[in-house]
Amino acid sequence: MSGRPRLTVFGTGYLGTAHAACLASLGFEVLGVDVDAARASALQAGTLPFYEPGLEPLLRAGLHGGRLSFTTSYPDAAEFGNVHFICVGTPQRPGSGGADLSQFEACFAGLAPLLRRPCLVVGKSTVPPGTVAAYGQRLPAIAPAGPGAELAWNPEFLREGHAVGDTLRPDRIVAGVRSARAEATLRAVYAEPLAAGIPFLVTDPATAEMVKVAANAFLATKISFINAMAELCEMTGADVLSLAGALGHDRRIGASGMRPGLGFGGGCLPKDIRALAARAAELGAGEALEFLHDIDAINQRRRTRVVDLAREAAGGRLESRRVGVLGVAFKPGSDDIRDSPALEVAARIQALGARVAVFDPAAMDRAKHVHPDLEYAGSVLGAARDADVLLVLTEWPEFAAADPEVLAKTVARQVVVDARHALDADAWRACGWDYRAPGRPGSAPPARTAGIRLHQAALHEAAAGFLAAAV
């Protein structure tokens, strides 16, 4: 392939839009493709249909410079591109843990018959193991270019809220290829990051598609592990943050991802671990990944625990209580509410009879479409006004920066449940707040606390007896 390749990106969600805009910022000619005409038109007008810090300026710069455009036409894309990236969604299949590949199949089936000259089709969507092998065989059989149309796999490691940095400066680039031509093409696409020293890992396509799902499974395991330890900390009076810090100093474990709290959500981790477990069962390796079901269960249980903490903090009941909720997005830096633990907790608390007022810097509009019955405040102070208990459910920086002394004048009762460990506990307590957080001392329910005290008293009595006998 002579000269710089021209690129197409199929699917303009978080992944596809970030990929297209970032590659255009590197000087490539890029054509984004989506079957949703309204979305394609909005992007062509420079309007980002979701919240992602730093992405909209790149989008508009690409459009203004003539390097980036959007279409709904597959024939135009097939004629335009030398390298075709497939970035469509692979959500959870309704009624099953498996992945729904219908968007991927539709994209592939629409594109492959139009490929009349040598090109590289690159999968970036997260798919179950074994997907690439089947599509790799189908592509040359369907495409008029025959063996000249080749399938490679280049998994994405994009984090919502960090899409631009993760695309332009990833911690590694994985290229699953079967030929030197495919490898050379991907090296040309990623020439600038490679020149900056980003590792380029060449594997076979089957291994490349495994990298993303395995990485997500490991991350989910790490998060659920420290959250399981948080439950044990509540039973023993230990501090989960100190525990996580000590574990993080072990280089074999590492501190990254060891953040206890409300658990993970969003459009990736939950559905990806379920899809991997389902695929393993289909392949006859279900027992090997049985632990993923436990990981999922621990994560779901965190939501129940925070509801319980809110009830305890509100005096044992939520009915008729006023609850202020800070955060409904599944993570800061995003307006994504897919499988959001924060939004689910808010809705469950309201279902228990509480009056719930929520505030989120970015996700309010999306949340209103799903839960119009919640009250939506215009600020942190608005959500906290007259609250019997205040919940921090998404760790936005502005929540951590909130002044506990100012908020104390707004709430009905100075009780806060910091489900994300985002606040300075000492500062809030110094202002008179009853501060509670999962896995922190003082956050265990009364029955558990009483049991701990009895157990400790028994230990002290046994120790005293032992010392008396020794003397």
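The values are calculated or read from the model by the stated rules, or taken from the named source; none is laboratory data. Here the structure is a predicted model, which is why all the values come from computation and not from measurement. Neighbour counts run over all protein chains shown; Cβ positions are idealised from the backbone, glycine included.
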* To do: Out of the residues in the stretch 333-354 that are touching a helix residue (DSSP H, G or I) at 6+ places or on another chain (Cβ under 7 Å), on the phi < 0 side of the Ramachandran plot and assigned to a loop (DSSP other than H, G, I, E, B), state the one that is surrounded by the fewest Cβ atoms within 10 Å (Cβ to Cβ).
  => D335
* **Matching option when the condition is under 24 Å from R303 (Cα atoms), crowded, with 17+ Cβ neighbours inside 10 Å, outside the structural domain of R420 (by TED's automatic domain parsing) and at pLDDT below 95, among E234, E160** => E160
* To do: Within the stretch 179-194, count every residue that is surrounded by 15 or more Cβ atoms within 10 Å (Cβ to Cβ) and part of a loop (DSSP other than H, G, I, E, B).
  => 1
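I'm trying to understand the selection: among the residues of the stretch 23-39, which are within 25 Å of A329 (Cβ to Cβ), touching a strand residue (DSSP E or B) at 6+ places or on another chain (Cβ under 9 Å) and outside any loop (DSSP other than H, G, I, E, B)?
G32, R39
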* Asked: Restricting attention to the stretch 257-288, which residues are crowded, with 18+ Cβ neighbours inside 10 Å and among the hydrophobic types (A, V, I, L, M, F, W, C)?
  -> M258, L262, F264, C268, L269, I273, A275, L276, A277, A278, A280
* Structure fact -> Of the residues in the stretch 359-394, those that are surrounded by fewer than 17 Cβ atoms within 10 Å (Cβ to Cβ), assigned to a helix (DSSP H, G or I) and in contact with a strand residue (DSSP E or B) (Cβ under 7 Å, 6 or more places away or on another chain) come to K368, G382
* Structure fact -> Screening A191, A180, A220, A184 for residues that are of a type outside the set (K, R) and in contact with a helix residue (DSSP H, G or I) (Cβ under 9 Å, 6 or more places away or on another chain) leaves only A220
